[in-house]
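The structure's right below; bear with me while I get my questions together.
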Amino acid sequence: MIEIIAKSIRSHFTSNSDLNTLLGGRMYFQKAPQEPVMPYCVFYINNVGKQEIMSTVDDRIDEVDIQFNLYTNADDGGLQIADMAEKLDSAFDWQTVTVTGYSLIKMQRTNIANINAVDDIWQSVIDYELWVQKN
């Protein structure tokens with residue numbers, strides 16, 4: 001399931017022209033290249049839980065916690081990372097993410113951490129919750 005979700009997130013990203021253009025296609029799963037070009041995003045699947053409805057295996061909902069880490073140069077005072085966060089939210093919050101073999105219930109932002117500058121790099125962490133049900 002993790003591979004299917006990762007491919008779905010990546011596919012949704014590439015189909016979103018505003019976010020894809022801003023990041024120059026640089027959204028990575030789990031790990032960025034050693035010397036990444038700024039700006040870029042790394043996403044992680046932190047947890048996959050199950051919720052049973054009416055105590056049957058057929059009515060199970062998979063709850064997936066997805067974390068997006070955004071990075072950019074600190075030269076512009078944080079304007080670009082704020083734009084990245086806004087475009088990420090427009091692309092994913094309450095949007096229809098197609099997950100092969102599953103029906104989407106919701107894709108919802110649950111948290112935006114403070115934007116911080118560390119070693120001349122702006123960083124922000126944005127968390128989402130994806131709920132799907134196997135077809």
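Coordinate-derived values only; no laboratory data. A quick note: this is a predicted structure, and the numbers were derived from the prediction, not measured. For neighbour counting, all protein chains shown are included, and Cβ atoms are generated from backbone atoms with ideal geometry for every residue, glycine included.
Just to verify a result, which residue in segment 37-64, among those that are among the hydrophobic types (A, V, I, L, M, F, W, C) and outside any loop (DSSP other than H, G, I, E, B), is farthest from residue 126 (Cα to Cα)?
This residue is 57.
Under the condition of being among the polar types (S, T, N, Q), crowded, with 16+ Cβ neighbours inside 10 Å and in contact (Cβ under 8 Å) with a residue 60 or more places away in the chain, which residue from segment 1-27 is farthest from residue 82 (Cα to Cα)?
Of everything passing the filter in segment 1-27, 8 is farthest from residue 82 (Cα to Cα).
Look through segment 56-87, keep the residues that are closer than 12 Å to residue 133 by Cβ and acidic (Asp, Glu), and return whichever of them is surrounded by the most Cβ atoms within 10 Å (Cβ to Cβ).
If we take residues in segment 56-87 being closer than 12 Å to residue 133 by Cβ and acidic (Asp, Glu), then 62 is surrounded by the most Cβ atoms within 10 Å (Cβ to Cβ).
If you take just the strands (runs of 3 or more DSSP E) that sit entirely in segment 65-135, which of them hold at least 1 residues that are farther than 16 Å from residue 38 by Cα and within 13 Å of the chain's Cα centre (by Cα)?
In segment 65-135, 102-112, 121-134 are the strands (runs of 3 or more DSSP E) which contain 1 or more residues that are farther than 16 Å from residue 38 by Cα and within 13 Å of the chain's Cα centre (by Cα).
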